[in-house]
Amino acid sequence: MSTLNIGLTEEQRHGVIELLNRDLADLYLLLIKTKKYHWDVVGPQFRTLHTLWEEHYNTLTVNIDAAAERIRSLGGYPLGTAAGFIEYSTLKEHPNDLPSANEMVSRLVQDHEQVIRNLREDIDKCGDEFHDEGTADFLTGLMEQHEEIAWMLRSFIEGESLNSSGDRSGTETKPAVNA
């Protein structure tokens, strides 16, 4: 079989594969947490969150597959065990815990924001250190999706503090304009 010749050295490819496997582990753990909260949520927000989290875990499932296929296209092998995902993930589990709906949302915001920070760092490494602009572009697309999901979840939490007029006390609601 011929050697993979895509314009990246073996060292560059292995570096990118390592980053992608860490990202894959985070996505998988986030999928598990999102599904668990989808199943366990109760209260007046049940229908809204149950439906929203179904959308999110479907997106995560697609992205997990895309990340694994990106790893394969670079000549690597994706993680594929729960032990591997837990070892590589930067996210933490909350075993034997059933938080309130708002706490579930808050935890998912924190996790998506952690994924965003990791992806930003990995995008820079892919371009600057490994010269793999294709993977940097792929990760940018993932990051943008997580930014949107985090925004949706943050908006849910922020909505809890609105009063009946829609005003948010102590919160800037209009963009500041420099004179």
At 1.4 Å probe size, with every protein chain present, just tell me what the per residue accessible area of the stretch 1-159 comes to in Å². 53 Å²
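Mind listing which GluC sites (Glu not before Pro) in the stretch 1-107 are in a DSSP loop and have 16 or fewer other Cβ atoms within 10 Å? Write down the numbers at each step before the final one.
Working: sites: 10, 11, 18, 54, 55, 69, 87, 93, 103; in loops: 93.
Listed in order of number, the matching sites are 93.
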Range in the chain, longest, excluding exposed trypsin sites (Lys or Arg not before Pro) [loop by DSSP; at most 15 other beta-carbon atoms within 10 Å]: 1-91
Relative to 2.2 N^0.38 Å, what does the C-alpha radius of gyration of the chain come to as a ratio? Two decimals please. 1.20
With the chain treated as a Gaussian network of Cα nodes joined by springs under 10 Å, which of 83, 101, 25 yields the largest mean-square fluctuation? 83
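How much net charge surrounds residue 92 when only other residues with a Cβ under 15 Å from its Cβ are counted (Lys, Arg +1; Asp, Glu -1)? It would help to have the intermediate numbers written out before the result.
On the way: positive: 22, 33, 36, 107, 117; negative: 26, 87, 93, 97, 103, 111, 113.
That sum, taken over residues with Cβ under 15 Å, equals -2.
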For the chain, what relative contact order do you get, as a whole percent, if you take Cα pairs closer than 8 Å and at least 6 residues apart? 27 percent
Once Lys and Arg get +1 and Asp and Glu get -1 on their Cβ, which of 41, 108, 127 lies farthest toward the positive end of the dipole of the stretch 36-161? 41
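The values are calculated or read from the model by the stated rules, or taken from the named source; none is laboratory data. Only a predicted model underlies this, so the values are computations on that prediction, with no experimental measurement involved. Quick reminder, even Gly has a Cβ in these numbers, built from the backbone with ideal geometry, and neighbours come from all protein chains shown. When the accessible area is computed, the model is the full protein with side chains, heavy atoms only, and any ligands, DNA or RNA have been set aside. Shrake-Rupley method; radii C 1.70, N 1.55, O 1.52, S 1.80 Å.
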